[in-house]
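Since the structure comes first, as structure tokens, the remarks are kept for the end.
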């Protein structure tokens with residue numbers, strides 16, 4: 001409460017700083033109205049994990065003009081670390097009772113003691129007798145690692161979410177800024193951090209499929225990705241009640257994307273109405289032309305930077 005009162009008295013609120021932290025390093029993104037998002041990236045290979053965080057915060061302070069006392073992190077977790085479940089419970093349970101039910105569900109899916117699980121839940125629809133509840137949970141150690149590094153740089157963490165949600169949100173925000181519509185279902189082909197295809201069925205509904213990136217023959221790469229896209233889309237249609245025959249759009253992300261004429265190649269597989277390469281450099285400002293930040297990492301941090309802090 002004391003810090004919140006200081007914010008009110010001083011006339012400022014903490015700025016949301018979107019972040020990625022993983023095996024490739026630390027990436028932070030800040031947004032200021034009327035200006036392109038500011039991106040800083042510190043590659044992995046530092047002596048300690050917190051050193052990368054500290055260097056990234058110092059860079060962001062210098063480039064954006066935002067002091068760390070005004071920052072709050074919104075960090076992304078690897079989607080594979082997060083479990084999502086939807087359950088049905090009797091209507092009328094209070095928050096404490098719902099939490100107990102959620103813990104039982106989490107332990108049945110993640111066989112560790114309850115104290116080693118971190119979870120959240122959201123109430124859904126009700127039919128007058130039963131209520132649907134969405135649950136998200138993960139190992140507490142993953143959250144503790146993020147909190148420990150943030151504490152080292154004296155910046156609080158206010159939001160943690162899945163990386164695919166952050167990528168989706170970054171794409172949606174870009175579309176809104178360009179006055180274009182996002183139509184579902186659409187696909188995202190990720191080729192850098194973790195090779196996977198994401199099928200977006202709605203604002204929070206995703207199917208994620210790992211894919212293989214051929215390394216020996218570049219000529220086969222584009223064909224292979226589109227073939228795997230077709231197979232992933234078929235699997236998605238078999239497991240979900242989907243009316244669409246093809247995807248509305250597919251976005252290819254990563255440095256491999258500019259090598260191919262995706263639209264011409266797509267004519268052979270017909271999995272999507274169109275395929276485009278998403279250009280990240282056009283709508284962000286990086287801290288240095290010499291610091292290469294993978295597009296996927298930037299999208300993750302960019303999407304998290306748009307989260308509202310409660």
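A short reminder: the numbers here are calculations on the coordinates, not readings from a lab. Here the structure is a predicted model, which is why all the values come from computation and not from measurement. Positions of Cβ are generated from backbone atoms using ideal geometry, with glycine treated the same way; all protein chains shown enter the neighbour counts.
Neighbour counts of other C-beta atoms within 10 Å: give me 41, 292, 20 arranged from fewest to most.
Values: 41 24, 292 11, 20 29.
Least to most surrounded, the residues fall as 292, 41, 20.
Can you tell me the FRET efficiency between residue 308 and residue 235 if r is taken as the Cβ-Cβ distance and R0 is 35 Å, rounded to the nearest 0.05? Working shown, then result.
Working: r = 34 Å, r/R0 = 0.97.
The pair residue 308/residue 235 has a calculated efficiency of 0.55.
Working from the pairwise distances between different alpha carbons, so that the mean of 1/r is found and then inverted, what is segment 79-140's Kirkwood radius in Å? The partial results should precede the final answer.
Working: mean 1/r = 0.0844 Å⁻¹.
Result for segment 79-140, one decimal place: 11.9 Å.
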- Checked segment 87-241 with the C-alpha gyration tensor, a ≥ b ≥ c its square-rooted eigenvalues, rounded below a/c of 1.5, otherwise prolate if a/b is larger than b/c and oblate if not; verdict prolate
- Item | Alpha-carbon Debye profile of segment 32-137, log10 I(q)/I(0) at 0.13, 0.23 Å⁻¹ | -0.73, -1.16
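What value does segment 150-220 have for Rg/Rh, both radii from Cα atoms and Rh as Kirkwood defines it?
Working: Rg = 15.9 Å, Rh = 14.6 Å.
When Rh is taken as the Kirkwood radius, the ratio is 1.09.
Which order results if 193, 35 are arranged by neighbouring Cβ count within 10 Å, fewest first? Walk me through the numbers on the way to the answer.
Values: 193 21, 35 10.
Fewest-to-most Cβ neighbours within 10 Å comes out as 35, 193.
Arrange 118, 27 by Cβ neighbour counts within 10 Å, fewest through most, would you? Intermediate values should be presented prior to the final figure.
Details: 118 17, 27 29.
Least crowded to most crowded, the residues run 118, 27.
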